[in-house]
Amino acid sequence: MAGKGVFKDMLDGEVYKYYADGEWKRSSSGGTVNILNPSTRKPQYKVQACTQEEVNKVFDSAKAAQKLWAKTPLWKRAEALHRAAAILKENKVAIAEALVKEVAKPQKDAVTEVVRSGDLISYTAEEGIRILAEGKFLVSDSFPGNDRNKLCMSSKIPLGVVLAIPPFNYPVNLAVSKIGPALIAGNALVLKPPTQGAVSCLHMVHCFHLAGFPKGLISAVTGKGSEIGDFLTMHPMVNCISFTGGDTGIAIARKAGMIPLQMELGGKDACIVLEDADLDLAASNIVKGGYSYSGQRCTAVKVVLAFESIADMLVAKVNAKVAKLTVGPPEEDSDITPVVSESSANFIEGLVKDAKEKGAKFHQEWKRDGNLIWPVLIDHVRPDMRIAWEEPFGPVLPVIRIKTVEEGIHHCNANNFGLQGCVFTKDINKAIMIADAMETGTVQINSAPARGPDHFPFQGIRDSGVGSQGITNSINMMTKTKSTVINLPGPSYQMG
Ligand code: NAP
């Protein structure tokens, strides 16, 4: 159970403590932050509102711990990560319980997120062992004017202290996708969990605690992003920021100092369906891609661009599947569960109303009860409607009818977001040409957009982010190259 058994030290009465110097601590602020249960809209958990002084101390400890950790043999760092992965998986039920209660993730998906996170940590440990073992050896005489008298050895070294800020929708998985690469590469890590999702994150951090990582190497400071976010992201002791979330990331990138940034931001993933597509395949992917976890996924299908000639048939197939989606509480494993907050539900409703007022065709009745929104497919959407461009992050999906491939590609590329996209066609040459023309970080052919598997490169362009994720990319991003050059007194001996 969350907060019980091995997790009991994390609680101070009904408030979850923050994690610093290898211990669970109460904040001197005396302040707490409420986490509302999206289903009941009532307070579910409380976390500490950490102070700036506490953040300063966390960074001091992180810096000291990192120096020793960087000298810890790579194989030992990997062993510690494997231990954390195993403990995380052992405690999947308790962590999933927190995910259900604070982000309304369907029970089964919550367990899957924890297990996938354990696998991600183990894979990261293995990948780190391989790629960090390798370096480069260069000789000087390939560059004009040089003799062979300089030998350069280069390898990867850690950056120092990595600040990790994940979003609410995958608080555990997107936290470990930052923690694993940072630690295997020899960095220290400071985590700022999302407020909704903080308790799941803290339970995950406790698994690292139980795995026996050195004191101060990992910490988790809680508080509202709007209150402690700037202090954290502009802190002089941060050597790298790995952030996943919405437009907040754009503001952070503008304010951050001269440090490497990994920004994985929003998306408006387009799904282009051509005349020759397998419409059953397209429809099931549109429903899975558009509505799973109530559309609260960065890579959810967020706009369907369907050829006019097949649009009616496609829409009918999608509608038939939407009608079968179950709507209700996450505890019952419903397909559609309440969205994360009232403000999020209000935002979604605003987009839907705008489309309705401008004449879009609704195939389902608009229905909302608190944060619970029934799934809708909004047809005949035009470019003057907000939903054609904005990210709803809810179970509402617009369909735009197109006459040409160029029209579809243009709509995709005209969006500020450029995370992923997908195309459905039986013509593989056409699919590759369209994928090439879509200006997004990834294009899926004949499948819905997806972030996994976690070792695939994953990146957005334009307002969808900078840098690239995926296990290998993240390890590389959280290191820098260090060179040592051996200068010989002259070229090699001439023999014979
Ligand atoms: P968000 O509102 O941007 O929040 C993300 C994180 O930033 C949270 O931990 C939040 O903490 C923190 N934060 C807020 N203000 C901050 C500040 N001034 N400085 C530093 N941190 C601050 O995003 P969200 O609503 O949690 O997540 C939804 C968004 O994430 C969507 O746009 C989705 O597309 C995107 N997303 C992208 C990816 C990807 O890989 N590209 C993956 C998943 C989600 P608080 O919770 O305390 O405010």
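The values are calculated or read from the model by the stated rules, or taken from the named source; none is laboratory data. Treat the numbers as computed from the prediction; the structure is a model and nothing was measured. Note that we place each Cβ from the backbone using ideal geometry, even for glycine, and neighbour counts take in every protein chain shown. Keep in mind that these areas ignore ligands, DNA and RNA; they rest on the heavy atoms of the full protein, side chains included. Shrake-Rupley method; radii C 1.70, N 1.55, O 1.52, S 1.80 Å.
Just give me the residues in segment 355-380 being at negative phi, in contact with a Pro (Cβ under 8 Å, 6 or more places away or on another chain) and in a loop (DSSP other than H, G, I, E, B), in sequence order.
Residues satisfying the conditions are ALA360, GLN364, ASN371, TRP374, PRO375.
ILE348: over 20 Å from TYR170 (Cβ atoms), outside any loop (DSSP other than H, G, I, E, B) and β-branched (Val, Ile, Thr), yes or no? Spell out how you get there, then give the answer.
Details: over 20 Å from TYR170 (Cβ atoms): no; outside any loop (DSSP other than H, G, I, E, B): yes; β-branched (Val, Ile, Thr): yes.
So ILE348 fails the test.
Which of the residues belonging to segment 29-47 are touching a helix residue (DSSP H, G or I) at 6+ places or on another chain (Cβ under 7 Å) and in a strand (DSSP E or B)?
ILE35, GLN44, TYR45, VAL47
Scan segment 447-463 and give yes if some residue there is of a type in the set (Ser, Thr, Tyr) and under 15 Å from the mean Cα position of the chain (by Cα), otherwise no. Reasoning before the result, please.
The first filter runs over segment 447-463 and keeps only residues of a type in the set (Ser, Thr, Tyr), leaving 447.
Adding the requirement that they be under 15 Å from the mean Cα position of the chain (by Cα) leaves none.
No; the residues of segment 447-463 include none that is of a type in the set (Ser, Thr, Tyr) and under 15 Å from the mean Cα position of the chain (by Cα).
Any chance you could count how many residues in segment 169-200 are touching a Cys at 6+ places or on another chain (Cβ under 7 Å) and within 9 Å of the ligand (Cβ to nearest atom)? I'd like the intermediate steps shown before the answer.
Within segment 169-200, the first condition is being touching a Cys at 6+ places or on another chain (Cβ under 7 Å), and the residues that meet it are 171-172, 175, 191, 193.
Those left that are additionally within 9 Å of the ligand (Cβ to nearest atom): 171, 193.
Number satisfying all stated conditions: 2.
For segment 183-198, indicate whether the set of residues that are open to solvent by 10 Å² or more (accessible area, probe 1.4 Å) and more than 24 Å from LYS101 (Cα to Cα) is non-empty.
Scanning segment 183-198, I find no residue that is open to solvent by 10 Å² or more (accessible area, probe 1.4 Å) and more than 24 Å from LYS101 (Cα to Cα), so the answer is no.
Please pick out the residue among MET258, MET234 that is away from the ligand (no atom under 16 Å from the Cβ) and without any contact (Cβ under 8 Å) to a residue 24 or more places away in the chain. Before you say what the answer is, go through the steps one by one.
Values: MET234 fails: away from the ligand (no atom under 16 Å from the Cβ).
Exactly one of MET258, MET234 is away from the ligand (no atom under 16 Å from the Cβ) and without any contact (Cβ under 8 Å) to a residue 24 or more places away in the chain, namely MET258.
Check every one of the strands (runs of 3 or more DSSP E) wholly within segment 381-496 and list those with 2 or more residues that are closer than 20 Å to SER284 by Cβ. Outline the logic, then answer.
On the way: elements: 396-402, 420-424, 442-445, 479-487.
Those strands (runs of 3 or more DSSP E) span 396-402, 420-424, 442-445.
Residues to consider are ASP109, ASP119; find the one that is open to solvent by 50 Å² or more (accessible area, probe 1.4 Å), modelled with pLDDT of 95 or more, within 28 Å of LYS46 (Cα to Cα) and part of a helix (DSSP H, G or I). Please lay out each step first, then the result.
On the way: ASP119 fails: within 28 Å of LYS46 (Cα to Cα).
That would be ASP109, the only listed residue that is open to solvent by 50 Å² or more (accessible area, probe 1.4 Å), modelled with pLDDT of 95 or more, within 28 Å of LYS46 (Cα to Cα) and part of a helix (DSSP H, G or I).
If you take the residues of segment 96-105 that are touching a strand residue (DSSP E or B) at 6+ places or on another chain (Cβ under 9 Å) and not hydrophobic (A, V, I, L, M, F, W, C), which of them is surrounded by the most Cβ atoms within 10 Å (Cβ to Cβ)?
Here the residue is GLU102.
Being modelled with pLDDT of 95 or more and on the phi < 0 side of the Ramachandran plot: is that true of LYS8 here? Let's see the steps before the verdict.
Working: modelled with pLDDT of 95 or more: yes; on the phi < 0 side of the Ramachandran plot: yes.
It is true that LYS8 is modelled with pLDDT of 95 or more and on the phi < 0 side of the Ramachandran plot.
Can you confirm whether LYS480 is under 28 Å from ARG254 (Cβ atoms) and away from the ligand (no atom under 16 Å from the Cβ)? Step through it out loud before you land on a result.
Working: under 28 Å from ARG254 (Cβ atoms): yes; away from the ligand (no atom under 16 Å from the Cβ): yes.
Yes.
Quick check, is VAL162 at pLDDT 95 or above, open to solvent by less than 20 Å² (accessible area, probe 1.4 Å) and in contact with a His (Cβ under 9 Å, 6 or more places away or on another chain)?
Values: at pLDDT 95 or above: yes; open to solvent by less than 20 Å² (accessible area, probe 1.4 Å): yes; in contact with a His (Cβ under 9 Å, 6 or more places away or on another chain): no.
So VAL162 does not fit the description; no.
Among the residues of segment 357-387, which ones are free of Cβ contacts under 8 Å to residues at least 12 places away in the same chain and within 26 Å of GLU308 (Cβ to Cβ)? Walk me through it before giving the result.
Here is the first cut: in segment 357-387, the residues free of Cβ contacts under 8 Å to residues at least 12 places away in the same chain are 357, 365, 367, 369.
Matches in segment 357-387: GLU357, GLU365.
Does segment 379-437 hold any residues that are away from the ligand (no atom under 16 Å from the Cβ), of a type in the set (Asp, Glu) and open to solvent by 10 Å² or more (accessible area, probe 1.4 Å), and which are they?
ASP384, GLU406, GLU407, ASP427, ASP436
What is the residue count in segment 342-361 for residues that are surrounded by fewer than 18 Cβ atoms within 10 Å (Cβ to Cβ) and under 24 Å from PRO106 (Cα atoms)?
Narrowing segment 342-361 to residues surrounded by fewer than 18 Cβ atoms within 10 Å (Cβ to Cβ): 342-343, 346-347, 349-350, 353-354, 356-359, 361.
Retained after the next criterion (residues that are under 24 Å from PRO106 (Cα atoms)): 342-343, 346-347, 349.
Total satisfying the criteria: 5.
Read through the list (1) surrounded by fewer than 16 Cβ atoms within 10 Å (Cβ to Cβ); (2) under 25 Å from the mean Cα position of the chain (by Cα), then give the number of the only condition that LYS67 fails.
Every condition holds for LYS67 apart from (2).
Considering LYS317, LYS321, LYS353, which residue is more than 20 Å from ARG401 (Cβ to Cβ), charged (D, E, K, R), at pLDDT 95 or above and more than 20 Å from the chain's Cα centre (by Cα)?
Numbers: LYS317 fails: more than 20 Å from ARG401 (Cβ to Cβ); LYS321 fails: more than 20 Å from ARG401 (Cβ to Cβ).
Step by step, each of LYS317, LYS321, LYS353 is checked, and only LYS353 is more than 20 Å from ARG401 (Cβ to Cβ), charged (D, E, K, R), at pLDDT 95 or above and more than 20 Å from the chain's Cα centre (by Cα).
Here are ALA65, ALA80, ALA70, ALA86: which of them is aliphatic (A, V, I, L, M), farther than 16 Å from LEU217 by Cβ and either outside any strand (DSSP E or B) or modelled with pLDDT of 95 or more (or both)?
Sole residue among the options that is aliphatic (A, V, I, L, M), farther than 16 Å from LEU217 by Cβ and either outside any strand (DSSP E or B) or modelled with pLDDT of 95 or more (or both): ALA86.
How many residues does segment 26-40 contain that are crowded, with 18+ Cβ neighbours inside 10 Å and closer than 25 Å to LYS57 by Cβ? Write out each step before concluding.
Let us first name the residues in segment 26-40 that are crowded, with 18+ Cβ neighbours inside 10 Å, namely 27, 32-33, 35-39.
Those left that are additionally closer than 25 Å to LYS57 by Cβ: 27, 32-33, 35.
Matching residues across segment 26-40 total 4.
Scan (1) within 11 Å of the ligand (Cβ to nearest atom); (2) touching a helix residue (DSSP H, G or I) at 6+ places or on another chain (Cβ under 7 Å); (3) on the phi > 0 side of the Ramachandran plot for the single condition GLY470 breaks and write down its number.
(2)
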